[in-house]
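J.: Sharing a structure with you now.
The values are calculated or read from the model by the stated rules, or taken from the named source; none is laboratory data. Note that the coordinates shown come from a computational prediction; the quantities given were computed from them, not determined experimentally. Note that each Cβ is placed from the backbone with ideal geometry, even for glycine, and that neighbours are counted across all protein chains shown.
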Amino acid sequence: MEEKLLNDSILSQVRDVFQQLTAPVEVLFFGQETDCEYCQQTQQLVEEVVEVSDKLSLKSYDLQRDAELARQYHVDKAPTLILAGKNGSQPIDYGVRFAGIPAGHEFSSLIHGLVLVSNNDSGLNAQTRELLGKLKKPVHMQVFVTPNCPYCPQAVVLAHQMALESPLVQAEMVEASEFPELADRFNVSGVPQTTINAGAGTVVGAYPEEGLLAEILRATS
């Protein structure tokens, strides 16, 4: 029998948090059979999480075999998780992504993301919502993290809140040690680092809402 990743104490805490879920959430998992150290573990982790609530479901895909679907969702890494709303049987993509296993401190980002998508409310302040509503260009944020970084979830959750608020924003947690070439490309030396539109903007550290928004606006101006 496969050993569980989550013990009863953690599952109990997760169950308590999931009392806040209001609408269904579908997790789309993209893995691959080779060259993916954490694919199996990531899939198992999500399977254990979605079992906690009947409002959560999981669909699993392969990056190679389901290449067309991966392209549609702009997925180019494995493992990748997409947290999607549901409209009947159709997933609603809010741009909330995890690339790499959401382990360590990032497990809280996964749980928070599921609640965020389920309730479909970014929780951002009125001015942030207004300015995000005026975006004209797409925004792709990659938040580089490591599992042992206590400040990283704050940056990941904020990016996901902005993705939920604006259809032009996609926000992806990137586990830096799983994707070292990508981390090197954007000169990630400390985490969290939020890279905006492939380096057009960069924020290092867990910035407040206003600071990240200012950098997004600067990077897209």
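J.: Spot the failing condition for Ile111; the list is (1) outside the structural domain of Pro79 (by TED's automatic domain parsing); (2) touching a residue at least 40 places away in the same chain (Cβ under 8 Å), and only one is missed.
T.: Against the list (1) outside the structural domain of Pro79 (by TED's automatic domain parsing); (2) touching a residue at least 40 places away in the same chain (Cβ under 8 Å), Ile111 comes up short only on (1).
J.: From the list Lys55, Lys86, pick out the single residue that is touching a Pro at 6+ places or on another chain (Cβ under 7 Å), modelled with pLDDT under 95 and either within 15 Å of Leu28 (Cα to Cα) or not aliphatic (A, V, I, L, M) (or both).
T.: Lys86
J.: Name every residue in segment 189-221 that is in a helix (DSSP H, G or I), without any contact (Cβ under 8 Å) to a residue 12 or more places away in the chain and over 17 Å from Gln170 (Cα atoms), in order of residue number.
T.: Of everything in segment 189-221, just one residue is in a helix (DSSP H, G or I), without any contact (Cβ under 8 Å) to a residue 12 or more places away in the chain and over 17 Å from Gln170 (Cα atoms), namely Gly211.
J.: Identify all residues within segment 198-212 that are of a type in the set (A, V, I, L, M, F, W, C) and loosely packed, with under 15 Cβ neighbours inside 10 Å; write none if there are none.
T.: If the condition is that a residue be of a type in the set (A, V, I, L, M, F, W, C) and loosely packed, with under 15 Cβ neighbours inside 10 Å, then Ala198 is the only one that fits.
J.: Within segment 168-221, can you find the residues that are among the aromatic types (Phe, Trp, Tyr) and touching a helix residue (DSSP H, G or I) at 6+ places or on another chain (Cβ under 8 Å)?
T.: If the condition is that a residue be among the aromatic types (Phe, Trp, Tyr) and touching a helix residue (DSSP H, G or I) at 6+ places or on another chain (Cβ under 8 Å), then Tyr207 is the only one that fits.
J.: May I ask you to say which residue of Glu172, Glu215 is of a type outside the set (Ser, Thr, Tyr), surrounded by 17 or more Cβ atoms within 10 Å (Cβ to Cβ), under 21 Å from Asn148 (Cα atoms) and at pLDDT 95 or above?
T.: Glu172
J.: With the structure loaded, tell me whether Gly205 is farther than 17 Å from Leu135 by Cβ and more than 15 Å from the chain's Cα centre (by Cα) or whether it fails that test.
T.: yes
A quick yes/no check of all residues on (1) more than 14 Å from the chain's Cα centre (by Cα); (2) buried (at least 20 other Cβ atoms within 10 Å of the Cβ); (3) over 19 Å from Pro192 (Cβ atoms):
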| residue | (1), (2), (3) |
| --- | --- |
| Lys86 | yes, no, yes |
| Gly95 | no, yes, no |
| Phe107 | no, no, no |
| Leu110 | no, yes, no |
| Asn120 | yes, no, yes |
| Leu132 | yes, yes, yes |
| Lys136 | yes, no, yes |
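J.: Identify, please: which residue in segment 179-197 is of a type in the set (S, T, N, Q) and within 20 Å of the chain's Cα centre (by Cα) and is, among those, surrounded by the most Cβ atoms within 10 Å (Cβ to Cβ)?
T.: Thr194
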